[in-house]
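First comes the structure, then the notes that go with it.
Read-outs: derived from the displayed coordinates by stated rules, not from any lab. Computed from a predicted structure; not experimentally measured. Cβ: placed from backbone, ideal geometry, glycine included. Neighbour counts: every protein chain shown.
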């Protein structure tokens, strides 16, 4: 059977395009390394799912399996590696990640190095290995080397007081597409560990969102507080993580068993008595 050229085209980065729209992009954190969970969440209606290689037990094989599992669904995958090493970034891009969230970016110098790492020469230093790369469909995507740079979306994560001090300069760097503020680590850095809703932390986040927007970049963050999440969107956040798969499972399981122990009745998600 002869395959059409449509099957060998560089995928458009839908998330990168969506950052230019007026619509808020709602996302979910993935921490469970089983691809079944990724598939279930991919079909739930989120705009993006983040594969968290920083805090969850993902290795490169698990990350690629997640990218493959999510590919049939209309959801954008984002990959967060444990750190912004150039060699690791190269591997993630080669396996098909197009949007990367790099943690703990404190300085403009770090951000500039990351821009170099995600781009092929002459704009960057990304190494060439397309015959081994899923991203290039193993050399079957015509012109991949010449077009890949424009489909990469680089998000840097500002999550310390130092990063917030340098935020205007970080956000202004060409090649940084978005800045993600990490409320949890930021709260710890500001002396309010475990309290991302502290008024001082909230004020810093609000100012950070405005600074990012002023640089013409998209601002994002994570907030499990629904009211707070909507507030940050009103301030100017463009993409917001509003849940974590592990917490959905843990809280859902606890709610279910507690309801039965207390004699309460929960509405069925399926509307059916079967499974």
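Observations on the model:
- Note on the stretch 53-81: residues that are in contact with a helix residue (DSSP H, G or I) (Cβ under 9 Å, 6 or more places away or on another chain) and either in a helix (DSSP H, G or I) or surrounded by 15 or more Cβ atoms within 10 Å (Cβ to Cβ) (or both) amount to 20.
- Scanning the stretch 155-175 for residues that are within 25 Å of residue 94 (Cα to Cα) and crowded, with 23+ Cβ neighbours inside 10 Å, we see that the one that is nearest to the chain's Cα centre (by Cα) is 155.
- The one condition in (1) closer than 15 Å to residue 27 by Cα; (2) surrounded by fewer than 17 Cβ atoms within 10 Å (Cβ to Cβ); (3) touching a helix residue (DSSP H, G or I) at 6+ places or on another chain (Cβ under 9 Å) that residue 214 fails to fulfil: (1)
- Take the conditions (1) more than 21 Å from the chain's Cα centre (by Cα); (2) in a loop (DSSP other than H, G, I, E, B); (3) closer than 25 Å to residue 122 by Cα; residue 194 misses just one of them, which is (3).
- Meets criteria (under 21 Å from residue 83 (Cβ atoms) and part of a helix (DSSP H, G or I)) for residue 116: yes
- The one condition in (1) crowded, with 16+ Cβ neighbours inside 10 Å; (2) outside any loop (DSSP other than H, G, I, E, B); (3) in contact (Cβ under 8 Å) with a residue 24 or more places away in the chain; (4) in contact with a helix residue (DSSP H, G or I) (Cβ under 8 Å, 6 or more places away or on another chain) that residue 185 fails to fulfil: (4)
- Looking across the stretch 43-76, the residues that are touching a strand residue (DSSP E or B) at 6+ places or on another chain (Cβ under 6 Å) and closer than 12 Å to residue 27 by Cβ come down to 46, 47, 48, 49, 50, 51, 52, 75, 76.
- Filter pass, residue 195 being in contact with a helix residue (DSSP H, G or I) (Cβ under 6 Å, 6 or more places away or on another chain), on the phi < 0 side of the Ramachandran plot and without any contact (Cβ under 8 Å) to a residue 12 or more places away in the chain: yes
- Filter pass, residue 47 being closer than 25 Å to residue 216 by Cα and either in contact (Cβ under 8 Å) with a residue 12 or more places away in the chain or buried (at least 19 other Cβ atoms within 10 Å of the Cβ) (or both): yes
- Within the stretch 82-113, being touching a strand residue (DSSP E or B) at 6+ places or on another chain (Cβ under 6 Å) and part of a helix (DSSP H, G or I) holds for 92, 111.
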